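What follows is a single structure, written as structure tokens, with notes after it.
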Amino acid sequence: MKVTVIYDSGTGDMLATVGEHNPEVIKAASFEVPDGARVDRVDVSKEPHTVVTSDTPVSISVKLEALIDENKATIKANQEAIAAQDKRLLDAINTLMSGEE
């Protein structure tokens, strides 16, 4: 079995092992990648080449947790608004029933 080993030519440290590829067309470059994203491929259709990324399950779960927290805060605010409205309504009913205005 043949594999292509990508390694540091100065230290010999192995960076990756992949299936057999033509070493003459393998390129290495540095790219900015957002936190919590993984690199899916390199878009070579334009210059400069750019990476195509997707969210990792961990970053998706962090986003979901943030949305849940935001929704909980919204629910709490709505419950407080409803309670205040209920109090005003009950106060108005009590005022009407007591004959006061």
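Since every read-out is calculated from the coordinates, none of them should be taken as a lab result. Predicted model only: the values in this text are computed from it and were never measured. Note that each Cβ is placed from the backbone with ideal geometry, even for glycine, and that neighbours are counted across all protein chains shown.
Observations, loosely collected:
- Whole-number percent relative contact order across the chain, with pairs defined as alpha carbons under 8 Å at least 6 apart: 13 percent
- Measuring nothing but alpha carbons in the chain and taking Rh as the Kirkwood radius, the Rg to Rh ratio lands at 1.50.
- Selected from Ala28, Ala16, Ala73 as most flexible by GNM, with the chain as the system and alpha-carbon contacts under 10 Å: Ala16
- Spatial separation of Cα centroids for region 1-45 and region 55-81, in angstrom: 37 Å
- Cβ-based net charge around Thr53, under 12 Å, with every Lys or Arg adding one and every Asp or Glu removing one: -3
- Computed P(r) (all Cα pairs; region 3-55; 5 Å bins; percent): 4, 15, 21, 22, 22, 14, 2
- With 0.36 nm allotted per residue and the present C-alpha distance subtracted, the Asp13-Asn94 stretch has 21.1 nm of extension available.
- Mean separation of Cα pairs under 8 Å and 6 or more residues apart, divided by the residue count, gives region 3-55 a relative contact order of 23 percent.
- Gaussian network model of the chain, Cα within-10 Å springs - most flexible of Val62, Val51, Val18: Val18
- Lysine pair count for region 1-91 [Cα-Cα under 29 Å; pairs on different chains or 8 or more apart]: 6
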